[in-house]
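Report on the following structure.
The values are calculated or read from the model by the stated rules, or taken from the named source; none is laboratory data. Predicted model, so just to flag it, every value in this text is computed and none were measured. As a convention, Cβ positions derive from the backbone with ideal geometry for all residues, glycine included, and neighbour counts pool all protein chains shown.
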Amino acid sequence: MIDWEVTEKTIKCEVIGEYVTIMVYANGQVNCSGYNKYIKKNSKRTIKDKKIMSKKLKKTLKCEGLECPRIINYKNKLFNDNI
């Protein structure tokens with residue numbers, strides 16, 4: 001039985017080159033601060049941030065969104081531990 005509403009974990013994401021926070025909700029939804037910052041929003045600021053980070057890393061950001069293996073693995077671990 002799950003006795004929490006949301007849990008989060010901060011990890012170094014090598015895809016975007018900075019620390020991100022992965023959030024998993026008791027209902028199974030997930031979220032990622034890196035995804036929100038660089039991918040989800042399509043504002044001029046987001047596009048500018050993405051270009052700056054890509055240049056800094058010397059590679060194109062290849063964020064896999066909410067289907068990222070880091071997110072899925074963390075979510076699976078949480079729900080498997082609570083069976």
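Out of Lys48, Lys56, Lys9, one residue alone is among the basic types (Lys, Arg), in contact (Cβ under 8 Å) with a residue 24 or more places away in the chain and out of contact with any Phe, Trp or Tyr (no Cβ under 7 Å at 6 or more places or on another chain). It is Lys56.
Taking each residue of region 64-79 that is closer than 16 Å to Gly17 by Cα and looking for partners that are among the hydroxyl-bearing types (Ser, Thr, Tyr) and surrounded by 11 or more Cβ atoms within 10 Å (Cβ to Cβ) with beta-carbon atoms closer than 7 Å, six or more apart or interchain, yields Gly65/Tyr35.
The single condition from (1) in a strand (DSSP E or B); (2) surrounded by fewer than 17 Cβ atoms within 10 Å (Cβ to Cβ); (3) of a type in the set (Val, Ile, Thr) that Ile22 fails is (2). Among the residues of region 52-64, those that are assigned to a helix (DSSP H, G or I) and exposed (fewer than 12 other Cβ atoms within 10 Å of the Cβ) comprise Ile52, Lys55, Lys56.
Looking across region 25-51, the residues that are outside any helix (DSSP H, G or I), at pLDDT 85 or above and within 16 Å of the chain's Cα centre (by Cα) come down to Tyr25, Gly28, Gln29, Val30, Asn31, Cys32. Count of region 56-83 residues, restricted to those that are of a type in the set (Asp, Glu) and within 12 Å of the chain's Cα centre (by Cα), is 2.
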